[in-house]
1. Starting with the highest mean, order 201-212, 84-95 by the number of other Cβ atoms within 10 Å, averaged over the residues of each peptide.
2. Kindly write out, for segment 170-185 in residue order, the coupling ³J(HN,Hα) from the Karplus curve 6.51 cos²θ - 1.76 cosθ + 1.60 (θ = phi - 60°), rounded to whole Hz, with x marking Gly and Pro.
3. For a quick protection proxy, order the peptides 1-12, 50-61 by their average other-Cβ count within 10 Å, most packed first.
4. So which of Lys54/Lys104; Lys80/Lys104; Lys169/Lys235; Lys176/Lys212 end up more than 20 Å apart, counting from Cα to Cα?
5. Taking the Cβ of Asn25 as the centre, find all other residues whose Cβ is under 10 Å away and add up their charges (Lys, Arg: +1; Asp, Glu: -1).
6. If you average the C-alpha positions of segment 138-172 and of segment 199-221 separately, how far apart do those two centres end up, in angstrom?
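Any read-out appearing in this document is the output of simple, stated calculations on the displayed coordinates, not a laboratory observation. Predicted, not measured: the structure shown is a model, and the values here were computed from it. When we count neighbours, we look across all protein chains shown, and the Cβ atoms used for this are built from the backbone with ideal geometry, even at glycine.
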Amino acid sequence: MIPSDFSSNAFNALKYSVELFREENCEFYLLHAFAEEVYNDEDALTAETIEEVKINLKEKYEKRLQEKVDKILKQSQNPKHKFRTVAPFGYLIDEINELVNKVKADLVVMGTRGKTNNAQLTFGSNTLQVIKYVQSPVLSIPENYKFRELHNILFPTNFMLPYQSSELKLVADIGKPFKADIHMLYISKFNLESLRQKENLKLIKEHFQDEKFKVHVLDGDNRAQVITQQEEELKIDLLVMVNSRHTYLESILFESTIDKISLYPQIPFMILQNLHRDNW
């Protein structure tokens with residue numbers, strides 16, 4: 001699923017997705033939710049006009065989404081890919097979650113920043129809300145990032161939580177066509193010693209049996225800085241982290257205000273939600 005605000009960043013996320021899954025049979029859902037736009041001009045609305053406004057905006061955005069589909073089809077004619085457009089009257093997070101559950105979407109892909117594209121922010125406000133609250137893995141693509149094959153995937157973790165099999169499988173499946181190396185990164189003054197950590201490491205390894213799997217143990221007070229250094233040293237093509245309590249992502253991302261986030265990924269950044277989803 002690709003939420004779109006019709007920005008160049010949103011289209012770049014679509015382009016990246018098409019390249020990433022070029023060998024897979026995929027359905028791509030382009031979504032634009034527009035309730036905010038209706039209510040932003042609430043003073044000018046009446047009970048009689050609001051329905052007409054909704055109908056007009058729905059037609060407008062369905063047409064604009066189809067234009068994006070037509071544009072990507074000119075650039076990439078892949079018989080394995082199908083495209084669908086959805087323009088609901090609703091709020092972004094609610095509509096993404098509803099469609100994720102309805103079509104059992106594997107992944108939400110969007111630009112790191114959207115239309116406003118404030119260079120002072122690591123993530124745009126919509127992207128940050130999606131990362132926090134959408135019940136699906138989220139892949140964010142930096143501005144103007146051009147697709148390159150995945151040779152190295154970095155997965156920082158403290159090995160304290162058992163991850164959902166479906167989400168670990170997603171990481172493995174994404175890396176498999178490129179024979180990517182999986183680099184688990186443990187940032188601590190201490191080695192992996194607890195029984196819980198060792199059991200979780202064992203379970204993670206089982207999901208990456210066909211990939212080259214490495215565990216890096218590094219010391220460092222600034223986790224974001226250590227992650228960034230490893231991105232450069234290991235020539236990482238994809239950063240993967242988990243959004244859950246007591247994880248690196250929580251300590252780096254959610255304890256900071258939006259304009260003071262210290263992690264600035266220059267590469268695609270996938271956030272796993274570690275949620276169990278029935279009948280997936």
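1. Values: 201-212: 14.4, 84-95: 17.8.
Taking the mean over residues of other Cβ atoms within 10 Å, the ranking is 84-95, 201-212.
2. Computed from phi, the couplings for segment 170-185 are 4, 4, 4, 5, 5, x, 4, x, 9, 6, 6, 7, 9, 10, 7, 10 Hz.
3. Numbers: 1-12: 20.4, 50-61: 14.0.
Top of the packing list down: 1-12, 50-61.
4. On the way: Lys54/Lys104 27 Å; Lys80/Lys104 18 Å; Lys169/Lys235 23 Å; Lys176/Lys212 10 Å.
Distance filter (> 20 Å) returns Lys54/Lys104; Lys169/Lys235.
5. On the way: positive: Lys80, Lys82; negative: Glu23, Glu24, Glu27.
So the surrounding residues net to -1.
6. So the two Cα centres are separated by 13 Å.
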